[in-house]
Amino acid sequence: MEDVEIYLSRLSAADKLYAETAKKLGKKDITDRFTLAGAVAEIGAPASYKLYVSDEDIENSTIDEIKAVFTEAAEEEPDIKVEFICDEFLNLIDDKARITAESKPRTAVHRDGDLHPTVHIWMIKRRDMGVFVLLQKRAHEKDINPDCYDVSAAGHVTQGEEFRHTALKEVREELGLNIDRSQLEFIGLRRACYSKGSIKDNELAAVYICREKINIEDLTLQSSEVAEVCWAEIDELLSIMKYEDIPNCISLEELDMIKKAVF
């Protein structure tokens with residue numbers, strides 16, 4: 001029995017939420033809890049439903065109504081299985097590299113390989129010896145590329161957000177730094193793909209550099225994301241990546257983007 005997946009965003013109005021539910025159930029004219037209850041009863045048992053609810057900390061009475069309908073159906077019929085899953089929702093990217101209004105749970109996005117927006121922020125410093133970038137070592141608990149050296153800070157653009165605001169948030173959360181929008185220098189977009197097992201991560205990353213002076217000792221690292229940080233001179237880093245076995249998920253293309261922006 002295949003699960004019916006329904007995506008319920010706390011940012012959506014009632015009509016959109018019921019339209020999403022109707023679409024996934026293959027039923028028309030679902031506009032409220034009563035017509036939804038009728039549709040679920042008509043489908044009958046056996047049935048299995050997974051309702052993904054976005055993780056924003058805001059109330060949405062329509063979502064509460066929809067959850068109540070499915071809960072009551074499962075209580076009345078043992079062969080109707082219902083699971084509620086709280087997840088981060090991500091907006092998708094269209095074929096013109098624009099963030100769309102369509103959103104999906106992060107779990108489903110990584111499963112289905114949907115193109116979605118992310119940000120990469122490189123903290124850099126210029127010295128006589130060259131250009132240094134701050135590397136973070138990803139936490140051991142990460143699902144994707146654990147224990148690997150990576151960009152200074154990075155993250156997904158959640159639904160309703162935009163690139164630059166997300167970049168500021170990720171720097172604050174992962175490194176404990178509060179920087180201003182004007183301190184972020186956009187240097188381009190880059191497509192990034194990663195596949196392992198059931199994960200198909202298909203990203204469009206907005207890449208930024210920040211030239212502010214920072215001391216590693218002053219940083220407050222987010223332990224669930226970042227194990228440690230260190231400075232690396234770009235050319236030395238490229239040599240190490242070429243000739244030594246260093247675990248990393250660093251993009252050579254992004255390092256080249258940084259050099260072009262700085263020199």
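The values are calculated or read from the model by the stated rules, or taken from the named source; none is laboratory data. All values reported here derive from a predicted model rather than from experimental measurement. With ideal geometry, Cβ positions are generated from the backbone for all residues, glycine too; neighbour counts draw on all protein chains shown. Note: accessible area is taken over every heavy atom of the protein model, side chains too, but ligands, DNA and RNA are not part of it. Shrake-Rupley method; radii C 1.70, N 1.55, O 1.52, S 1.80 Å.
Summary of computed values
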| quantity | calculated |
| --- | --- |
| Label of the coordinate-derived value, Rg and Dmax of the Cα atoms in Å, listed as (1) 16.8, 52; (2) 18.3, 64; (3) 22.1, 73 | (3) |
| Distance between region 101-159 and region 43-74 - C-alpha centres, whole angstrom | 32 Å |
| Distance in nm between pseudo-label sites at Lys196 and Glu161 (7 Å out along the Cβ direction from Cα) | 2.3 nm |
| Computed magnitude of the charge dipole of region 17-158 (debye, nearest 20; Cβ of K, R +1, Cβ of D, E -1) | 980 debye |
| Surface accessible to a 1.4 Å probe, per residue, for the residues of the chain, Å² | 53 Å² |
| Beta bridges by DSSP in region 147-263, antiparallel share as percent, to the nearest 5 | 90 percent |
| Percent accessible area from carbon and sulfur atoms, region 67-157, protein chains only, probe 1.4 Å | 45 percent |
| Within-14-Å neighbourhood charge of Gly113 [Cβ basis; K, R +1; D, E -1] | +2 |
| Residue (of Phe132, Ala14, Cys86) at the positive-pole extreme of the chain, dipole from beta-carbon charges | Phe132 |
| Rounded to 10°, Cα long-axis angle of helix 252-262 versus longest principal axis of the chain | 60 degrees |
| Equivalent-ellipsoid semi-axes of region 153-263, from the Cα gyration tensor, Å, largest first | 21, 20, 17 |
